[in-house]
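Visitor: Just dropping this structure here.
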Amino acid sequence: MFGKRQTPGATPVLVDQSVKTLPVRRPAPVIAKPRQKVRAKANEPDTYLELKKSVFAALIEAIDVSNLSEMEPVDSRREVASVTADILTARKTVLSNKEQDELVEDICNDVLGYGPLEPLLARDDIADIMVNGTKPIFIEVGGRVQETDIRFRDNAQLLNICQRIVSKVGRRVDESSPICDARLPDGSRVNVIAPPLAIDGPTLTIRRFKKDKLTLDQLVQFGAITHEGAEILKIIGRIRCNVIVSGGTGSGKTTLLNCLTAFVDPQERMITCEDSAELHLQQPHVVRLETRPPNIEGVGEITMRDLVRNCLRMRPERIIVGEVRGPEAFDLLQAMNTGHDGSMGTLHANSPREALSRIESMITMGGFSLPAKTIREMATSSVDVIVQAARLRDGSRRITHITEVLGLEGEVPITQDIFVYDMFGEDADGRIIGKHRSTGIGKPAFWDKARYYGEESRLARALEAAAGASA
């Protein structure tokens, strides 16, 4: 009934070949949840790394890992912990209870989870996790980048974890396809770039999103916008203005887009298009679409432009594009201009005016043979409002502009700021000193839309309050 698998230099471990799991010969140790603090692992002795590596190899030989996926997570961790303890006993390895629990936890994470990333993924205060080969992992907390004491054992372990992440969403990363965008089950965005493009080993970047989605009211508490400015944004989201959220990397564009869509009428049908699905809209009638890379033969790719064009056949009321970065900008403008008011998207730009220039550049580079003036007319007639987000040098995030697009004068787009953030300097601790202020616009261009949706008086009060707060 039992067969033997031998690991060089180790006492044989009995394997039950008639059942999926090994017989438990001793009570399994209790495996605690990954700890919330960063553990010191960058300076682990080589003996610990070698022990973990050899025990891991023996475990893979002694157990059928594929069967673990069919078990409940708690049972699979208990199974791995039990077999690991058996291997240590068979090898007569002397460890304290604390050392053994830590070794068992690390191996469970390697086999069933994301290895050294597990304690970092368990934290909700981390915005970004940056893995640069086998060097210590960097994280961003509170807008500041910190070096941790956690690292991967070697490039093979890191690449294995990368492949495990991307395979769960039907993607792959290897030498023939070394760049990949994916996501974790919690919606975190993942980018992997592997050798030969990454010279010093696989590079993994994870953009985390809080489990509890932020709201505009919480952004007010954080100082990203004032109460009056948030009220204007709520109205903009409600009255079906076409909105572009602009900003740099890590400025909070996706978070802000999620906040704006919270004020959409629950009866409206919304379709989202993303490279890796990370928007979490709260409305009941939402269709989420995601691009697909080419397969190993180089065929089967579904681009963002394919998704946006297909949206028009799906009876959308609003189209939400997670990030506009190419020729799909043309299709989004077409959708905004042909009855899909209230559509939204994000793009990378440093100012509202630059956002319009970026749209023109993306359409031009997409191969459209249209005069520049025609593209500008299309952009200025389609986009109603540009909301600019910024990550300041002290790590804080601010909504720096709420700007409406008025049209074209000659060949120059005309914009008008409704709300801006003025920076005056920084204090002794390096924190930015600034203030949001209203520009005193009495009636913005979207006033008629506000009247149509019954929000005219509310908008008037918000603008008056904003002007009063800025006086």
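The values are calculated or read from the model by the stated rules, or taken from the named source; none is laboratory data. Owing to the predicted nature of the structure, the values given are computational and were not obtained by experimental measurement. Glycine also receives a Cβ, built like all others from the backbone with ideal geometry; neighbour counts cover every protein chain displayed. Calculation scope for accessible area: heavy atoms of the full protein, side chains included, ligands and nucleic acids excluded. Shrake-Rupley method; radii C 1.70, N 1.55, O 1.52, S 1.80 Å.
Visitor: Of all residues being assigned to a strand (DSSP E or B) and not aliphatic (A, V, I, L, M) in the range 402-414, which is surrounded by the fewest Cβ atoms within 10 Å (Cβ to Cβ)? Just the residue, please.
Guide: So the residue we want is Glu409.
Visitor: Among the strands (runs of 3 or more DSSP E) contained in the range 178-223, which hold 1 or more residues that are under 17 Å from Gly252 (Cβ atoms)?
Guide: Once the strands (runs of 3 or more DSSP E) in the range 178-223 are filtered for at least 1 residues that are under 17 Å from Gly252 (Cβ atoms), what remains is 189-193, 203-207.
Visitor: Quick one: how many residues across the range 97-139 are of a type outside the set (Asp, Glu) and closer than 24 Å to Val74 by Cα?
Guide: Selection size over the range 97-139: 20.
Visitor: Conditions: (1) open to solvent by 40 Å² or more (accessible area, probe 1.4 Å); (2) acidic (Asp, Glu); (3) over 24 Å from Val264 (Cβ atoms). Asp394 meets all but one. Number of the miss?
Guide: For Asp394, the exception is condition (1).
Listed here are the residues, each with its yes/no results for (1) open to solvent by 20 Å² or more (accessible area, probe 1.4 Å); (2) hydrophobic (A, V, I, L, M, F, W, C); (3) part of a helix (DSSP H, G or I); (4) free of Cβ contacts under 8 Å to residues at least 40 places away in the same chain.
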site: Glu377; (1), (2), (3), (4): yes, no, yes, yes
site: Ser381; (1), (2), (3), (4): yes, no, yes, no
site: Val387; (1), (2), (3), (4): no, yes, no, no
site: Ala390; (1), (2), (3), (4): yes, yes, no, no
site: Thr400; (1), (2), (3), (4): no, no, no, yes
site: Gln416; (1), (2), (3), (4): yes, no, no, yes
site: Met423; (1), (2), (3), (4): yes, yes, no, yes
site: Ala428; (1), (2), (3), (4): yes, yes, no, yes
site: Lys449; (1), (2), (3), (4): yes, no, yes, no
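Visitor: Here's something else I'd like to know. Given the criteria on the phi > 0 side of the Ramachandran plot and open to solvent by 50 Å² or more (accessible area, probe 1.4 Å), does Gly201 qualify?
Guide: The answer is no for Gly201.
Visitor: Report every pair of residues separated by at least 6 positions or lying on different chains whose Cβ atoms are under 9 Å apart, first residue within the range 239-257 and free of Cβ contacts under 8 Å to residues at least 24 places away in the same chain, second surrounded by fewer than 24 Cβ atoms within 10 Å (Cβ to Cβ).
Guide: Note: no pairs meet the criteria.
Visitor: Another question, then. Only one of these conditions is not met by Gly187: (1) open to solvent by less than 10 Å² (accessible area, probe 1.4 Å); (2) in contact with a helix residue (DSSP H, G or I) (Cβ under 9 Å, 6 or more places away or on another chain); (3) closer than 19 Å to Thr291 by Cβ; (4) not hydrophobic (A, V, I, L, M, F, W, C). Which number is it?
Guide: For Gly187, the failing item is (2).
Visitor: What are the residues in the range 407-425 that are over 15 Å from Ile386 (Cβ atoms) and either acidic (Asp, Glu) or under 29 Å from the mean Cα position of the chain (by Cα) (or both), if any?
Guide: Once the filter is applied, which keeps residues that are over 15 Å from Ile386 (Cβ atoms) and either acidic (Asp, Glu) or under 29 Å from the mean Cα position of the chain (by Cα) (or both), the range 407-425 yields Glu409, Glu411, Asp422, Met423.
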